[in-house]
Amino acid sequence: MVAALHALATAAPALYDRLMPSSSSRRREPTAARRPPRPPLAAEHLAPRTLDAPPPDELPEVLVRSPTWHAHLFKRRLGAFPPTARHGDLVRLVSAEGETLGIGAYNPRAEVAVRVLTRRLETIDAEWWNSRLRQSVELRRKFLRLDDVTTAYRLLHAEGDGIPGLVVDRYGDVLVAEVYTLAMYQRAAALIAQLASLVDAPHWLIRCARNTLLQEGFEGEELSTPGLPARVVIREYGTEFEVDLRSGHKTGFFCDQRENRRRLVEWRQGETLLDLCTNTGGFAVTAAHRQPRGEVTAVDLDEQAVEAARRNAQRNRVKLRCVHADAFAYMRDMLRGGRTFDTVVLDPPKLIDGRKEIESGRRKYFDFNRLAQQLVTPGGLLVTCSCSGLLAEEEFARIVNAAAPAGRRLQILHRSGAGPDHPVAGDCPETEYLKVIWLRVW
(Lines give C-alpha, C1' and ligand atoms only; values in the text may rest on other atoms or scores of the structure.)
Protein backbone atom coordinates (compact mmCIF):
# COMPACT_ATOMS: atom_id res chain seq x y z
CA MET A 1 0.00 0.00 0.00
CA VAL A 2 2.73 2.49 0.96
CA ALA A 3 4.78 1.67 -2.14
CA ALA A 4 1.70 2.19 -4.30
CA LEU A 5 1.06 5.60 -2.74
CA HIS A 6 4.66 6.64 -3.33
CA ALA A 7 4.57 5.52 -6.94
CA LEU A 8 1.29 7.34 -7.59
CA ALA A 9 2.51 10.58 -6.05
CA THR A 10 5.84 10.45 -7.90
CA ALA A 11 4.62 9.41 -11.32
CA ALA A 12 1.36 11.38 -11.53
CA PRO A 13 1.18 14.17 -8.95
CA ALA A 14 -1.73 15.90 -10.66
CA LEU A 15 -3.80 12.71 -10.59
CA TYR A 16 -2.81 12.08 -6.99
CA ASP A 17 -3.86 15.60 -6.01
CA ARG A 18 -7.30 15.09 -7.56
CA LEU A 19 -7.76 11.79 -5.75
CA MET A 20 -6.90 13.21 -2.34
CA PRO A 21 -9.64 15.41 -0.79
CA SER A 22 -8.73 18.63 0.94
CA SER A 23 -8.21 18.31 4.68
CA SER A 24 -11.13 20.63 5.34
CA SER A 25 -13.48 17.92 4.12
CA ARG A 26 -11.88 15.11 6.07
CA ARG A 27 -10.59 16.47 9.36
CA ARG A 28 -13.92 17.23 11.00
CA GLU A 29 -16.17 14.75 9.21
CA PRO A 30 -17.93 12.75 11.93
CA THR A 31 -17.92 9.00 11.56
CA ALA A 32 -21.69 9.09 12.06
CA ALA A 33 -22.07 10.77 8.67
CA ARG A 34 -20.52 7.75 6.98
CA ARG A 35 -22.49 4.97 8.71
CA PRO A 36 -26.22 4.31 9.13
CA PRO A 37 -27.46 5.73 12.43
CA ARG A 38 -29.12 3.50 15.00
CA PRO A 39 -31.41 4.38 17.90
CA PRO A 40 -29.57 4.88 21.20
CA LEU A 41 -29.97 2.53 24.13
CA ALA A 42 -32.99 3.25 26.33
CA ALA A 43 -32.38 5.61 29.23
CA GLU A 44 -33.11 2.89 31.78
CA HIS A 45 -29.82 1.23 30.84
CA LEU A 46 -27.83 4.40 31.56
CA ALA A 47 -28.72 4.63 35.24
CA PRO A 48 -25.74 5.10 37.58
CA ARG A 49 -24.36 2.00 39.23
CA THR A 50 -22.48 1.41 42.44
CA LEU A 51 -18.99 -0.08 42.43
CA ASP A 52 -20.12 -3.36 43.96
CA ALA A 53 -20.89 -6.57 42.08
CA PRO A 54 -21.80 -10.16 43.00
CA PRO A 55 -19.03 -12.68 43.70
CA PRO A 56 -17.57 -14.37 40.59
CA ASP A 57 -19.59 -17.57 40.89
CA GLU A 58 -22.83 -15.53 40.75
CA LEU A 59 -21.95 -13.56 37.62
CA PRO A 60 -23.48 -14.48 34.24
CA GLU A 61 -21.16 -16.67 32.18
CA VAL A 62 -19.97 -15.80 28.68
CA LEU A 63 -18.32 -18.51 26.59
CA VAL A 64 -15.10 -17.44 24.88
CA ARG A 65 -14.92 -19.68 21.83
CA SER A 66 -11.57 -18.28 20.66
CA PRO A 67 -9.53 -17.27 23.74
CA THR A 68 -7.06 -14.46 23.20
CA TRP A 69 -4.54 -12.51 25.22
CA HIS A 70 -6.15 -9.20 24.19
CA ALA A 71 -8.28 -7.18 26.64
CA HIS A 72 -10.98 -6.64 23.99
CA LEU A 73 -13.25 -9.54 23.08
CA PHE A 74 -15.19 -9.12 19.85
CA LYS A 75 -18.60 -10.72 19.34
CA ARG A 76 -17.25 -13.25 16.87
CA ARG A 77 -15.07 -14.78 19.60
CA LEU A 78 -17.98 -15.31 21.97
CA GLY A 79 -20.77 -17.82 22.31
CA ALA A 80 -24.44 -17.03 22.85
CA PHE A 81 -25.02 -14.13 25.21
CA PRO A 82 -26.54 -15.15 28.56
CA PRO A 83 -30.17 -13.98 28.93
CA THR A 84 -29.53 -12.92 32.53
CA ALA A 85 -26.81 -10.41 31.59
CA ARG A 86 -27.88 -6.79 31.29
CA HIS A 87 -26.15 -4.04 29.35
CA GLY A 88 -23.09 -2.97 31.34
CA ASP A 89 -23.07 -5.98 33.66
CA LEU A 90 -19.90 -7.72 34.77
CA VAL A 91 -19.63 -11.27 33.42
CA ARG A 92 -17.41 -14.27 34.08
CA LEU A 93 -15.50 -15.48 31.04
CA VAL A 94 -15.16 -19.22 30.54
CA SER A 95 -13.54 -21.48 27.96
CA ALA A 96 -15.20 -24.41 26.20
CA GLU A 97 -13.52 -26.64 28.79
CA GLY A 98 -15.13 -24.70 31.63
CA GLU A 99 -11.94 -22.90 32.68
CA THR A 100 -12.45 -19.39 34.07
CA LEU A 101 -10.58 -16.86 31.90
CA GLY A 102 -11.38 -13.71 33.85
CA ILE A 103 -14.07 -11.10 34.42
CA GLY A 104 -15.14 -8.39 32.04
CA ALA A 105 -17.67 -5.63 31.37
CA TYR A 106 -20.40 -6.66 28.93
CA ASN A 107 -22.29 -4.75 26.25
CA PRO A 108 -24.16 -6.77 23.60
CA ARG A 109 -24.62 -3.65 21.42
CA ALA A 110 -20.88 -3.18 20.90
CA GLU A 111 -18.61 -5.03 18.48
CA VAL A 112 -16.18 -5.23 21.39
CA ALA A 113 -18.81 -7.02 23.45
CA VAL A 114 -16.60 -7.65 26.50
CA ARG A 115 -13.69 -5.64 27.92
CA VAL A 116 -11.58 -7.65 30.31
CA LEU A 117 -11.09 -6.19 33.79
CA THR A 118 -9.09 -9.01 35.35
CA ARG A 119 -7.74 -12.44 34.45
CA ARG A 120 -8.20 -13.58 38.04
CA LEU A 121 -11.19 -15.06 39.77
CA GLU A 122 -11.84 -12.20 42.18
CA THR A 123 -14.74 -10.10 43.44
CA ILE A 124 -15.01 -6.76 41.67
CA ASP A 125 -16.24 -4.68 44.61
CA ALA A 126 -15.69 -1.06 45.67
CA GLU A 127 -12.32 -1.90 47.22
CA TRP A 128 -11.16 -3.50 43.96
CA TRP A 129 -11.98 -0.33 42.01
CA ASN A 130 -10.46 1.91 44.68
CA SER A 131 -7.25 -0.11 44.63
CA ARG A 132 -6.90 0.50 40.89
CA LEU A 133 -7.56 4.21 41.40
CA ARG A 134 -5.00 4.48 44.20
CA GLN A 135 -2.41 2.78 42.01
CA SER A 136 -3.03 5.28 39.20
CA VAL A 137 -2.67 8.25 41.57
CA GLU A 138 0.50 6.84 43.14
CA LEU A 139 2.09 6.38 39.71
CA ARG A 140 1.62 10.05 38.77
CA ARG A 141 2.27 11.72 42.11
CA LYS A 142 4.84 9.53 43.85
CA PHE A 143 6.62 7.60 41.12
CA LEU A 144 6.61 10.17 38.27
CA ARG A 145 6.35 13.22 40.59
CA LEU A 146 4.42 15.14 37.97
CA ASP A 147 3.17 17.71 40.46
CA ASP A 148 6.72 19.12 40.49
CA VAL A 149 6.60 20.13 36.82
CA THR A 150 2.96 20.54 35.80
CA THR A 151 -0.60 21.00 37.03
CA ALA A 152 -2.03 19.00 34.09
CA TYR A 153 -1.61 15.30 33.45
CA ARG A 154 -3.45 12.08 32.62
CA LEU A 155 -4.60 10.69 35.96
CA LEU A 156 -6.28 7.56 34.61
CA HIS A 157 -5.47 5.97 31.24
CA ALA A 158 -8.19 3.40 30.60
CA GLU A 159 -6.73 -0.07 29.90
CA GLY A 160 -3.27 1.25 30.76
CA ASP A 161 -4.42 1.60 34.38
CA GLY A 162 -6.69 -1.43 34.37
CA ILE A 163 -10.00 0.44 33.97
CA PRO A 164 -10.95 0.07 30.28
CA GLY A 165 -13.17 2.67 28.66
CA LEU A 166 -12.38 5.61 30.97
CA VAL A 167 -9.72 8.30 30.82
CA VAL A 168 -9.38 11.13 33.33
CA ASP A 169 -7.17 14.21 32.99
CA ARG A 170 -6.32 16.52 35.84
CA TYR A 171 -6.33 20.28 35.21
CA GLY A 172 -5.43 21.92 38.48
CA ASP A 173 -8.42 21.54 40.78
CA VAL A 174 -10.64 19.99 38.09
CA LEU A 175 -10.84 16.40 36.82
CA VAL A 176 -12.25 15.82 33.33
CA ALA A 177 -13.31 12.29 32.39
CA GLU A 178 -13.98 11.00 28.89
CA VAL A 179 -16.06 7.83 28.72
CA TYR A 180 -15.81 5.33 25.86
CA THR A 181 -17.93 2.39 27.06
CA LEU A 182 -21.39 1.84 28.48
CA ALA A 183 -20.16 0.04 31.61
CA MET A 184 -17.87 2.94 32.47
CA TYR A 185 -20.58 5.52 31.84
CA GLN A 186 -22.78 3.72 34.36
CA ARG A 187 -19.97 3.77 36.94
CA ALA A 188 -18.21 7.01 35.98
CA ALA A 189 -19.78 9.24 38.63
CA ALA A 190 -18.82 6.87 41.44
CA LEU A 191 -15.30 6.38 40.06
CA ILE A 192 -14.48 10.04 39.46
CA ALA A 193 -15.91 11.07 42.83
CA GLN A 194 -13.56 8.59 44.49
CA LEU A 195 -10.65 9.74 42.33
CA ALA A 196 -11.38 13.38 43.18
CA SER A 197 -11.24 12.57 46.88
CA LEU A 198 -7.84 10.93 46.44
CA VAL A 199 -6.31 14.07 44.89
CA ASP A 200 -8.39 16.72 46.69
CA ALA A 201 -10.00 18.01 43.50
CA PRO A 202 -13.22 19.94 44.25
CA HIS A 203 -14.65 19.78 40.72
CA TRP A 204 -15.12 17.19 38.00
CA LEU A 205 -16.75 16.82 34.60
CA ILE A 206 -17.79 13.63 32.78
CA ARG A 207 -18.42 13.58 29.04
CA CYS A 208 -18.89 10.81 26.49
CA ALA A 209 -16.50 10.29 23.61
CA ARG A 210 -17.99 11.38 20.30
CA ASN A 211 -18.53 7.89 18.84
CA THR A 212 -20.26 6.11 21.72
CA LEU A 213 -23.52 5.77 19.76
CA LEU A 214 -21.74 4.06 16.87
CA GLN A 215 -19.37 1.94 18.88
CA GLU A 216 -21.32 1.24 22.08
CA GLY A 217 -24.92 2.02 21.13
CA PHE A 218 -25.64 4.73 23.69
CA GLU A 219 -25.66 8.49 24.16
CA GLY A 220 -25.01 9.92 27.61
CA GLU A 221 -25.43 13.37 29.11
CA GLU A 222 -22.59 15.39 30.56
CA LEU A 223 -22.32 15.22 34.32
CA SER A 224 -20.49 17.70 36.53
CA THR A 225 -20.17 19.14 39.99
CA PRO A 226 -22.07 22.36 40.80
CA GLY A 227 -20.06 25.50 40.16
CA LEU A 228 -17.71 23.91 37.63
CA PRO A 229 -15.62 26.72 36.09
CA ALA A 230 -15.81 27.18 32.33
CA ARG A 231 -12.03 27.51 32.02
CA VAL A 232 -8.96 26.83 34.10
CA VAL A 233 -5.32 27.82 33.71
CA ILE A 234 -2.68 25.11 33.94
CA ARG A 235 1.12 25.26 34.04
CA GLU A 236 3.55 23.00 32.19
CA TYR A 237 7.31 23.44 32.70
CA GLY A 238 6.71 27.13 33.34
CA THR A 239 4.40 27.78 30.36
CA GLU A 240 0.74 28.54 31.06
CA PHE A 241 -2.27 27.39 29.05
CA GLU A 242 -5.95 28.12 29.33
CA VAL A 243 -8.11 24.98 29.19
CA ASP A 244 -11.70 25.29 27.95
CA LEU A 245 -13.53 22.60 29.90
CA ARG A 246 -16.82 22.81 28.05
CA SER A 247 -15.99 23.18 24.36
CA GLY A 248 -12.35 22.08 24.07
CA HIS A 249 -11.42 18.97 22.09
CA LYS A 250 -11.33 15.66 23.99
CA THR A 251 -10.89 16.57 27.68
CA GLY A 252 -9.74 20.12 26.83
CA PHE A 253 -5.95 19.86 26.42
CA PHE A 254 -3.44 17.35 25.05
CA CYS A 255 -1.36 16.31 28.05
CA ASP A 256 0.09 13.43 26.03
CA GLN A 257 2.44 15.78 24.11
CA ARG A 258 3.96 17.37 27.22
CA GLU A 259 7.40 15.72 26.97
CA ASN A 260 7.49 16.20 23.20
CA ARG A 261 6.81 19.92 23.62
CA ARG A 262 9.75 20.00 26.02
CA ARG A 263 12.02 18.21 23.53
CA LEU A 264 10.99 20.59 20.75
CA VAL A 265 12.44 23.46 22.75
CA GLU A 266 15.77 21.62 22.90
CA TRP A 267 15.86 20.53 19.24
CA ARG A 268 14.20 23.45 17.46
CA GLN A 269 16.14 24.49 14.35
CA GLY A 270 16.64 27.94 12.86
CA GLU A 271 14.50 31.03 13.16
CA THR A 272 11.14 29.94 11.70
CA LEU A 273 8.72 27.40 13.15
CA LEU A 274 5.42 26.19 11.70
CA ASP A 275 2.93 24.36 13.94
CA LEU A 276 0.28 22.66 11.79
CA CYS A 277 -3.01 21.55 13.39
CA THR A 278 -1.94 23.53 16.42
CA ASN A 279 -5.22 23.22 18.32
CA THR A 280 -4.75 25.64 21.27
CA GLY A 281 -1.09 26.29 20.44
CA GLY A 282 0.67 23.66 22.56
CA PHE A 283 3.86 23.30 20.52
CA ALA A 284 3.87 26.84 19.16
CA VAL A 285 3.34 28.65 22.47
CA THR A 286 5.83 26.44 24.31
CA ALA A 287 8.52 27.07 21.69
CA ALA A 288 7.88 30.81 21.57
CA HIS A 289 7.85 31.11 25.36
CA ARG A 290 10.82 28.96 26.26
CA GLN A 291 12.94 29.72 23.19
CA PRO A 292 11.92 33.25 22.14
CA ARG A 293 13.49 33.81 18.75
CA GLY A 294 12.41 34.20 15.15
CA GLU A 295 8.88 33.72 13.82
CA VAL A 296 6.43 31.11 15.11
CA THR A 297 3.29 30.38 13.06
CA ALA A 298 0.34 28.34 14.34
CA VAL A 299 -2.31 27.01 11.91
CA ASP A 300 -5.65 25.33 12.62
CA LEU A 301 -9.00 24.87 10.91
CA ASP A 302 -10.96 25.34 14.15
CA GLU A 303 -11.59 29.04 14.68
CA GLN A 304 -12.18 28.63 18.42
CA ALA A 305 -8.92 26.73 18.78
CA VAL A 306 -7.04 29.49 16.96
CA GLU A 307 -8.51 32.08 19.31
CA ALA A 308 -7.46 29.95 22.27
CA ALA A 309 -3.92 29.73 20.87
CA ARG A 310 -3.88 33.51 20.55
CA ARG A 311 -4.99 33.90 24.19
CA ASN A 312 -2.33 31.45 25.33
CA ALA A 313 0.32 33.46 23.50
CA GLN A 314 -0.88 36.65 25.15
CA ARG A 315 -0.92 34.96 28.57
CA ASN A 316 2.74 34.06 28.18
CA ARG A 317 3.64 37.42 26.59
CA VAL A 318 4.97 35.88 23.40
CA LYS A 319 4.55 36.80 19.76
CA LEU A 320 2.66 34.18 17.77
CA ARG A 321 1.29 34.38 14.25
CA CYS A 322 -2.06 32.58 14.40
CA VAL A 323 -3.67 31.49 11.13
CA HIS A 324 -7.24 30.22 10.79
CA ALA A 325 -6.92 27.93 7.79
CA ASP A 326 -7.15 24.40 6.50
CA ALA A 327 -3.67 22.94 7.11
CA PHE A 328 -3.66 21.12 3.80
CA ALA A 329 -4.57 24.22 1.81
CA TYR A 330 -2.13 26.33 3.83
CA MET A 331 0.76 24.01 3.00
CA ARG A 332 -0.09 24.19 -0.69
CA ASP A 333 -0.17 27.99 -0.55
CA MET A 334 3.23 28.09 1.14
CA LEU A 335 4.72 25.73 -1.45
CA ARG A 336 3.36 27.80 -4.33
CA GLY A 337 5.03 30.83 -2.79
CA GLY A 338 8.33 29.03 -2.30
CA ARG A 339 8.16 29.38 1.50
CA THR A 340 9.95 26.94 3.81
CA PHE A 341 10.39 26.70 7.59
CA ASP A 342 13.37 25.62 9.68
CA THR A 343 11.15 23.58 12.02
CA VAL A 344 7.76 22.06 11.15
CA VAL A 345 5.40 20.31 13.60
CA LEU A 346 2.59 18.22 12.09
CA ASP A 347 0.11 16.93 14.68
CA PRO A 348 -3.19 16.18 12.89
CA PRO A 349 -6.32 14.95 14.67
CA LYS A 350 -7.13 11.25 14.74
CA LEU A 351 -7.50 10.12 11.13
CA ILE A 352 -8.47 6.48 11.79
CA ASP A 353 -11.51 5.95 14.02
CA GLY A 354 -12.15 2.29 13.23
CA ARG A 355 -10.75 -0.68 11.34
CA LYS A 356 -12.78 0.17 8.24
CA GLU A 357 -10.92 3.48 8.00
CA ILE A 358 -7.37 2.14 8.14
CA GLU A 359 -6.85 2.25 4.36
CA SER A 360 -8.18 5.80 3.91
CA GLY A 361 -6.29 6.90 7.02
CA ARG A 362 -3.01 5.69 5.56
CA ARG A 363 -3.61 7.81 2.47
CA LYS A 364 -4.34 10.87 4.58
CA TYR A 365 -1.16 10.48 6.64
CA PHE A 366 0.81 10.04 3.43
CA ASP A 367 -0.77 13.14 1.96
CA PHE A 368 -0.05 15.32 5.00
CA ASN A 369 3.53 14.14 5.37
CA ARG A 370 4.43 14.53 1.71
CA LEU A 371 3.46 18.20 1.80
CA ALA A 372 4.98 18.89 5.23
CA GLN A 373 8.35 17.46 4.21
CA GLN A 374 8.52 19.86 1.26
CA LEU A 375 8.01 22.79 3.64
CA VAL A 376 11.12 22.00 5.70
CA THR A 377 14.23 24.02 4.90
CA PRO A 378 17.04 21.59 3.91
CA GLY A 379 18.69 20.48 7.14
CA GLY A 380 15.64 21.48 9.17
CA LEU A 381 13.50 19.52 11.63
CA LEU A 382 10.13 17.83 11.04
CA VAL A 383 8.15 16.52 14.00
CA THR A 384 5.33 14.37 12.62
CA CYS A 385 2.66 12.72 14.75
CA SER A 386 -0.15 10.18 14.60
CA CYS A 387 -2.68 9.65 17.39
CA SER A 388 -4.47 6.76 15.62
CA GLY A 389 -4.15 3.72 17.87
CA LEU A 390 -4.99 1.34 15.00
CA LEU A 391 -1.99 2.52 12.97
CA ALA A 392 1.08 0.61 14.14
CA GLU A 393 4.30 2.52 14.78
CA GLU A 394 6.24 0.69 12.06
CA GLU A 395 3.46 1.27 9.55
CA PHE A 396 3.43 4.98 10.36
CA ALA A 397 7.21 5.12 9.91
CA ARG A 398 6.92 3.42 6.50
CA ILE A 399 4.29 5.93 5.41
CA VAL A 400 6.45 8.87 6.50
CA ASN A 401 9.47 7.47 4.66
CA ALA A 402 7.50 6.69 1.52
CA ALA A 403 6.14 10.26 1.48
CA ALA A 404 9.61 11.73 0.89
CA PRO A 405 9.47 13.90 -2.26
CA ALA A 406 11.92 13.25 -5.07
CA GLY A 407 15.32 14.68 -4.23
CA ARG A 408 14.72 14.92 -0.46
CA ARG A 409 16.46 12.71 2.09
CA LEU A 410 15.19 11.85 5.55
CA GLN A 411 17.12 11.10 8.73
CA ILE A 412 15.06 9.66 11.59
CA LEU A 413 16.59 11.09 14.75
CA HIS A 414 14.19 9.83 17.38
CA ARG A 415 10.83 8.17 17.96
CA SER A 416 8.65 9.02 20.93
CA GLY A 417 5.07 8.85 22.11
CA ALA A 418 2.89 9.96 24.97
CA GLY A 419 4.36 10.78 28.35
CA PRO A 420 4.67 8.13 31.09
CA ASP A 421 1.36 9.26 32.60
CA HIS A 422 -0.15 7.39 29.60
CA PRO A 423 1.00 3.84 30.47
CA VAL A 424 0.54 1.10 27.87
CA ALA A 425 -1.39 -2.05 28.77
CA GLY A 426 0.44 -5.23 27.83
CA ASP A 427 -2.83 -6.81 26.66
CA CYS A 428 -4.05 -3.75 24.75
CA PRO A 429 -1.35 -2.31 22.44
CA GLU A 430 -3.82 0.32 21.16
CA THR A 431 -3.17 2.21 24.40
CA GLU A 432 0.18 3.14 22.81
CA TYR A 433 -1.74 5.31 20.40
CA LEU A 434 0.53 8.36 20.02
CA LYS A 435 3.48 8.04 17.65
CA VAL A 436 5.94 10.88 17.09
CA ILE A 437 8.82 10.74 14.60
CA TRP A 438 11.58 13.33 14.68
CA LEU A 439 13.29 13.79 11.30
CA ARG A 440 15.94 15.91 9.74
CA VAL A 441 14.96 16.66 6.16
CA TRP A 442 17.62 17.36 3.53
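Residues in the stretch 309-320 that are touching a residue at least 60 places away in the same chain (Cβ under 8 Å) and either open to solvent by less than 10 Å² (accessible area, probe 1.4 Å) or acidic (Asp, Glu) (or both): 1 in all.
All conditions in (1) under 16 Å from Thr251 (Cα atoms); (2) modelled with pLDDT of 95 or more; (3) out of contact with any Phe, Trp or Tyr (no Cβ under 6 Å at 6 or more places or on another chain) hold for Leu191, with the sole exception of (1).
On the stretch given as the stretch 213-233, residues that are assigned to a loop (DSSP other than H, G, I, E, B), open to solvent by 10 Å² or more (accessible area, probe 1.4 Å) and on the phi < 0 side of the Ramachandran plot total 9.
To keep it simple, each residue is scored yes or no on (1) in contact with a Leu (Cβ under 7 Å, 6 or more places away or on another chain); (2) under 26 Å from Ala43 (Cα atoms).
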{"position": "Ile163", "(1), (2)": "yes, yes"}
{"position": "Gly172", "(1), (2)": "no, no"}
{"position": "Leu175", "(1), (2)": "yes, yes"}
{"position": "Ala193", "(1), (2)": "no, yes"}
{"position": "Ala201", "(1), (2)": "yes, no"}
{"position": "Arg210", "(1), (2)": "no, yes"}
{"position": "Leu213", "(1), (2)": "no, yes"}
{"position": "Glu216", "(1), (2)": "yes, yes"}
{"position": "Pro226", "(1), (2)": "no, yes"}
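Taking every residue in the stretch 364-385 that is free of Cβ contacts under 8 Å to residues at least 60 places away in the same chain and pairing it with any residue that is surrounded by fewer than 21 Cβ atoms within 10 Å (Cβ to Cβ), at least 6 positions away or on another chain, the pairs with Cβ-Cβ distances below 6 Å are Gln374/Leu335; Gln374/Pro405.
Every residue in the stretch 171-199 that is more than 13 Å from Leu155 (Cβ to Cβ) and open to solvent by less than 10 Å² (accessible area, probe 1.4 Å), please.
The initial filter retains those residues of the stretch 171-199 that are more than 13 Å from Leu155 (Cβ to Cβ), namely 179-190, 193.
Matches in the stretch 171-199: Val179, Thr181, Leu182, Ala183, Met184, Gln186, Ala188.
Condition first: part of a strand (DSSP E or B), surrounded by fewer than 16 Cβ atoms within 10 Å (Cβ to Cβ) and aliphatic (A, V, I, L, M). Now tell me which residues in the stretch 392-442 satisfy that.
Ile412, Leu413
Taking first residues from the stretch 86-114 that are closer than 13 Å to Gly165 by Cβ and at pLDDT 95 or above and partners that are among the basic types (Lys, Arg) and in a strand (DSSP E or B), the Cβ contacts under 9 Å between residues at least 6 apart in sequence or on separate chains come to Gly104/Arg92; Gly104/Arg115; Ala105/Arg115; Tyr106/Arg115; Asn107/Arg115.
The values are calculated or read from the model by the stated rules, or taken from the named source; none is laboratory data. Here the structure is a predicted model, which means the values were calculated and not measured. Every residue, glycine as well, gets a Cβ built from its backbone with ideal geometry; the counts of neighbours run over all protein chains shown. Accessible surface areas use protein heavy atoms only, side chains included; no ligands, DNA or RNA. Shrake-Rupley method; radii C 1.70, N 1.55, O 1.52, S 1.80 Å.
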